[in-house]
1. Quick one: if you stick a label point 7 Å off each Cα along the C-beta vector at LEU73 and ALA124, how many nm between them?
2. Rounded to whole Å and ordered largest first, report the semi-axes of the equivalent ellipsoid of segment 2-72 derived from its Cα gyration tensor (root of 5λ).
3. Rounded to the nearest angstrom and ordered from largest down, what semi-axes does the equivalent ellipsoid of segment 146-190 get from its C-alpha gyration tensor (root of 5λ)?
4. Note down the net charge around PRO205, summing +1 for each Lys or Arg and -1 for each Asp or Glu among other residues with Cβ under 15 Å from its Cβ.
5. Starting at the first residue of segment 120-132, write each ³J(HN,Hα) from the Karplus equation 6.51 cos²θ - 1.76 cosθ + 1.60 with θ = phi - 60°, in whole Hz, x for Gly and Pro.
6. Across bins of 5 angstrom width beginning at 0, how are the C-alpha pair distances of the chain distributed, in whole percent?
7. Within the set of other residues whose C-beta is less than 14 Å from the C-beta of GLU172, count the net charge using Lys and Arg as +1 and Asp and Glu as -1.
8. With Cβ to Cβ distances under 13 Å as the rule, what net charge do the other residues near GLN92 carry (K, R +1; D, E -1)?
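Read the figures in this text as sums done on the coordinates, not as results from a lab. Only a predicted model underlies this, so the values are computations on that prediction, with no experimental measurement involved. We place every Cβ from the backbone using ideal geometry, glycine too, and count neighbours over all the protein chains shown.
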Amino acid sequence: MQLVGSLTSPFVRKIRVQLLEKNIPFSFIEDIPWNANTQVGKLNPLGKVPVLIDESGHAWFDSPVIAEFVESLEIRPRLLPIKSRAAVEVKQLEALADGTCEAGIAIFLERKRPDDKQSPEWIARQQGKLEAGLAQLAQIAVQAQSTGQEWLHNSGFSLADIAAGAMLDWIEFRLPEVKWAEKHPALNALMKKLNSRDSFKETIPIA
Ligand SMILES: N[C@@H](CCC(=O)N[C@@H](CS)C(=O)NCC(=O)O)C(=O)O
C-alpha cells in the first residue's frame with residue numbers, strides 16, 4: 001500500500017496514525033499538492049491529499065473514505081465500532097474534527113494571500129466555525145471525562161480521537177494564537193493522552 005501526501009497535512013496524518021495503529025505496512029510518497037511538479041491530480045482529480053493506493057492499484061480519496069476503506073480490511077484494532085449507529089456517531093465526530101480543521105486551513109491560506117487581497121469577513125467567518133467546532137468537541141470531551149470515559153466515543157479509542165488529535169496539533173502548529181489548550185482543558189487532556197502514543201509521536205508535523 002502507498003500513501004501519498006504531505007508531512008504536515010492533518011488529513012494525511014489521520015491516515016498515517018490509523019495505519020500505524022493497525023501495524024499495516026505502507027510506503028509514504030511525499031507529494032505536496034501546492035508544488036508545481038505535483039502528481040496528485042493524476043490520482044485524485046480534486047488535487048488533494050491524502051490518496052491511498054491499495055494493492056490492486058486503486059487510488060482512494062478523501063480521508064474519511066480512505067479511513068473507512070482501511071477499516072474494511074478488518075485488521076485490529078477496530079477504530080470504527082461494528083454497530084452501524086455507533087459507527088455513524090464516530091464518523092460524525094470525525095466530520096466535526098475534520099471540518100474544524102478545514103476552517104483553520106481556510107484561515108491559514110487566506111492569510112498567505114497579499115494583504116490587500118485578504119478578506120477580513122471571510123477570515124472572521126472561518127474563525128467562527130473554528131471556535132464553534134472546538135467548543136463542541138470540548139463539550140463532548142468534558143462530558144466523556146466526567147463519566148470516566150477515556151476517549152471521545154464510548155466504544156473506546158477510535159477514528160474520532162485520531163481526527164481530533166490531528167486537527168488540534170495542526171491548529172497548534174499553524175495557528176498557535178488560537179490557544180485551544182488554554183481555553184479547553186478537556187481537549188488538552190485528550191491531546192496529552194494521544195501524544196503518548198507511538199503513532200502520534202511518529203507523525204508530528206514538521207515544517
Ligand atoms: N476533505 C479532504 C480534504 C483534504 C485536503 O484539503 N487536503 C489538503 C492538504 S491539508 C490539500 O491537499 N490541499 C490542496 C488543494 O486544496 O488544492 C480529506 O479529508 O481528504
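1. Those two pseudo-labels are separated by 4.7 nm.
2. Details: eigenvalues 69, 33, 22 Å².
Over the Cα atoms of segment 2-72, the ellipsoid semi-axes are 19, 13, 10 Å.
3. On the way: eigenvalues 92, 34, 5 Å².
Semi-axis lengths for segment 146-190 are 21, 13, 5 Å.
4. Details: positive: ARG13, LYS14, ARG16, ARG174, LYS201; negative: GLU30, ASP169, GLU172, GLU202.
Result for the local shell: +1.
5. The phi angles translate into x, 5, 5, 4, 5, 4, 5, 4, x, 5, 4, 5, 5 Hz.
6. Once binned at 5 Å, the Cα pair distances of the chain give 1, 7, 15, 19, 20, 17, 11, 6, 2, 1, 0.
7. On the way: positive: ARG13, ARG174, LYS179, LYS183, LYS192; negative: ASP169, GLU177, GLU182.
Taking every other residue near GLU172 into account, the sum is +2.
8. On the way: positive: ARG85, LYS91; negative: GLU89, GLU94, ASP98.
Local charge sum for GLN92: -1.
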